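Asks: Sharing a structure here in structure tokens format.
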Amino acid sequence: TPALQVKDLGLTIGGATILEGVDLEVEKGSFVGVIGPNGAGKTTLFNIVSGITRPTSGTVLIDGRDVTDLSVHRRARAGLGRTFQTSSLFPQLTVRENVRMAAQVALGGSLSPWRFPRPDDAATRAAEEHLVEVGLADKMELPSGSLSHGDKRKLEIAVLRATDADVVLLDEPMAGVGSGDVGALSETIREMHRSQGSTLLMVEHHMEVLLGLVDRVAVMYFGTIIAFDTPEAVMNNPTVQSAYLGTGA
Ligand code: ADP
Ligand code: MG
Ligand code: MG
């Protein structure tokens, strides 16, 4: 069973076609890059897969189960996690606390901040492990809002690690990250994929970073997927070259 299947997805808003005939089948454990010019529909596709946006037509299956009519919350329970183009952290809570809440949910608890400090509980230990992995070991006590942009992105990866999702959607995880942090962040993402065994989909404009991470690339163009293949095949695909890469986008 594929980890994720999207079948004939369409979205029309106020007479405008945003997505049309989107088909995608993602094998378990694979890492798929999603590229395409601004406005192609990449974030909209992620919003539909994660349940934020309802499609006009088509279906979404996670591990063979039709989740098209499930809420965001139920989909997360079905094993889906994601990041957003803009930050989804709690800025006034500490770095540790942001990760601990996610770990607590993954361990079967509720999404609530500290009541009593329990520094040795399982969620705290898991959180600290993930923060060491992403290189934020010395920043656990800081409010997440005080972090640099690059560190916030690392924290989002740690939060995602803590949720232990089976299917993970990363929407431009490197957006706004300084060139000095891009290498470390892409290593963090590679390590997440390697050690967690989850299926990853990532929208990213840093092409050289994306191509170094993924097994396959889906190319979106005007609301549909025009190619889905290995990075090399996609880069050499004449349709892709003339539609998208050739435009210098
Ligand atoms: P990408 O992530 O590839 O840059 P988006 O998915 O954000 O593209 O947007 C795809 C298209 O859908 C754009 O033309 C955008 O303006 C439009 N769009 C997205 N969401 C809405 C909405 N809620 N209402 C109207 N148009 C939308
Ligand atoms: Mg965009
Ligand atoms: Mg987008």
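The values are calculated or read from the model by the stated rules, or taken from the named source; none is laboratory data. The structure displayed is predicted, hence computed values, not measured ones. All Cβ positions, even for glycine, are placed from backbone atoms using ideal geometry, and neighbour counts span all protein chains on display.
Asks: So how many residues does segment 171-181 have that are within 16 Å of ligand 1 (Cβ to nearest atom), surrounded by 21 or more Cβ atoms within 10 Å (Cβ to Cβ) and free of Cβ contacts under 8 Å to residues at least 60 places away in the same chain?
Replies: Final tally of qualifying residues: 1.
Asks: Right, something else. Ala16: at pLDDT 95 or above, within 14 Å of ligand 1 (Cβ to nearest atom) and under 24 Å from His206 (Cβ atoms), yes or no?
Replies: The answer is no for Ala16.
Asks: Sticking with this one: Just one of the numbered conditions (1) free of Cβ contacts under 8 Å to residues at least 60 places away in the same chain; (2) within 16 Å of ligand 3 (Cβ to nearest atom); (3) in a helix (DSSP H, G or I) is not true of Leu210; which one?
Replies: Answer for Leu210: the failing condition is (1).
Asks: Would you say Gly33 is within 14 Å of the chain's Cα centre (by Cα), in a strand (DSSP E or B), closer than 19 Å to Leu201 by Cα and more than 16 Å from ligand 3 (Cβ to nearest atom)?
Replies: It is false that Gly33 is within 14 Å of the chain's Cα centre (by Cα), in a strand (DSSP E or B), closer than 19 Å to Leu201 by Cα and more than 16 Å from ligand 3 (Cβ to nearest atom).
Asks: In segment 23-77, how many are in contact with a Gly (Cβ under 7 Å, 6 or more places away or on another chain), over 21 Å from Leu160 (Cβ atoms) and of a type in the set (Ser, Thr, Tyr)?
Replies: Going through segment 23-77 one residue at a time, the tally reaches 2.
Asks: Do you know which residues across segment 191-220 are touching a helix residue (DSSP H, G or I) at 6+ places or on another chain (Cβ under 6 Å) and at pLDDT below 95?
Replies: Within segment 191-220, Met192, Glu204, Val209, Leu211 qualify.
Asks: Something else: Looking only at segment 48-82, filter to residues that are surrounded by fewer than 21 Cβ atoms within 10 Å (Cβ to Cβ) and within 16 Å of ligand 3 (Cβ to nearest atom); which one of those is modelled with the highest pLDDT?
Replies: That would be Thr53.
Asks: If you don't mind, another one. Consider only pairs whose beta carbons are under 8 Å apart and that are at least six residues apart or on different chains; among these, list those whose first residue lies in segment 19-31 and is under 18 Å from Met220 (Cβ atoms) and whose second residue is assigned to a strand (DSSP E or B) and of a type in the set (Ser, Thr, Tyr).
Replies: Cβ pairs passing all conditions: Leu19/Thr224; Glu20/Thr224; Gly21/Thr224; Val22/Thr224; Val26/Thr199; Ser30/Thr199; Phe31/Thr199.
Asks: Do we find a residue being in contact (Cβ under 8 Å) with a residue 40 or more places away in the chain, buried (at least 19 other Cβ atoms within 10 Å of the Cβ), charged (D, E, K, R) and not in a loop (DSSP other than H, G, I, E, B) anywhere in segment 182-191?
Replies: No, there is no match, as no residue in segment 182-191 is in contact (Cβ under 8 Å) with a residue 40 or more places away in the chain, buried (at least 19 other Cβ atoms within 10 Å of the Cβ), charged (D, E, K, R) and not in a loop (DSSP other than H, G, I, E, B).
Asks: Okay, next question. Quick one: count up the residues across segment 32-47 that are surrounded by 15 or more Cβ atoms within 10 Å (Cβ to Cβ) and under 10 Å from Gly223 (Cα atoms).
Replies: 6
Asks: Inside segment 53-66, can you point out the residues that are touching a Lys or Arg at 6+ places or on another chain (Cβ under 9 Å) and not in a strand (DSSP E or B)?
Replies: Listed by number, the list holds a single entry, Asp63.
Asks: For residues that are part of a helix (DSSP H, G or I) and either basic (Lys, Arg) or more than 13 Å from the chain's Cα centre (by Cα) (or both), tally how many sit in segment 130-179. Talk me through it step by step, then tell me what you get.
Replies: At the first step, the residues of segment 130-179 found to be part of a helix (DSSP H, G or I) are 130-133, 137-139, 144-146, 149-163, 179.
Of the ones still in play, those that are also either basic (Lys, Arg) or more than 13 Å from the chain's Cα centre (by Cα) (or both) are 130-133, 137-139, 144-146, 149-155, 161-162, 179.
Total meeting the criteria: 20.
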